[in-house]
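See below for the structure under consideration.
Since every read-out is calculated from the coordinates, none of them should be taken as a lab result. All figures in this text were calculated on a predicted structure; none of them were measured in a lab. As a convention, Cβ positions derive from the backbone with ideal geometry for all residues, glycine included, and neighbour counts pool all protein chains shown.
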Amino acid sequence: MTGEEEQAAIAAARSDPKRFTPLYECYFGDIFRFLLRRAGDRDLTNDLTQETFLKAMLALPKYQERGLPFRAWLYRIALNELRMYWRKRKEVLIDLSYTQVRGLSEEMGLPMEDNEMRRLGVAMGKLDEERNRLMELRYMDGLSYLEIGQILGIGEDAAKMRTHRVLAQLRTYLSPRA
């Protein structure tokens, strides 16, 4: 969906919630995969995805573009839904597959070997939840710094700076001890 098509779909859905379908169909797959990586359960992911789109549809009259993608707004709602779910359950699940860490391992200059992936997993386990979330958004979800900034409520430059700081921290964890 082009930017103009998206804006037209948003305007149509604002005037008639029944016209939200094109937005739902366009972004359902992205939001579902985003939540599935974090929830690890298809039934839970279905529930969270439906709740995300319901809240988005209800909040659409208040949505303001501000030059940021609509998709990033949906990611933020989805992340909030997931946080509320985990907060109620007092649990957190992080399960990363090799394909999900490919971008991060390439950024770190690590070969995709079992031993190196274990080391990366241990290093990521040393990060707090906020830093892990930042790495997931950038490297597992492939979001731009602009989108990450909107999701986390920070500026694009701040998202980029925080990402580079976390990468430096991971490199420290991964560097061989002399």
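Quick notes on this one:
- Rg to Rh, two decimals, where the chain supplies the alpha carbon set and Rh follows Kirkwood: 1.01
- Overall form of the range 98-174 per C-alpha gyration tensor (a/c, 1.5; a/b vs b/c): prolate
- Cβ-based exposure ranking for Glu107, Glu65, Glu4, in which fewest neighbours within 10 Å come first: Glu4, Glu65, Glu107
- Among Leu152, Leu68, Leu143: highest mean-square fluctuation, GNM of the chain, C-alpha pairs under 10 Å: Leu68
- Candidate lysines for bridging to Lys88, where Cα separation is under 23 Å - those fewer than 8 sequence places away on the same chain excluded: Lys55
- Span-like helix criteria (full DSSP H runs; alpha carbon extent of at least 20 Å along the helix axis; mean Kyte-Doolittle hydropathy of at least -1.0) are satisfied in the chain by 21-39, 42-59, 70-89, 156-174.
- Ellipticity estimate at 222 nm from DSSP helix runs (n ≥ 4, -39,500 (n - 2.57)) divided over the chain, nearest 500: -23000 deg cm²/dmol
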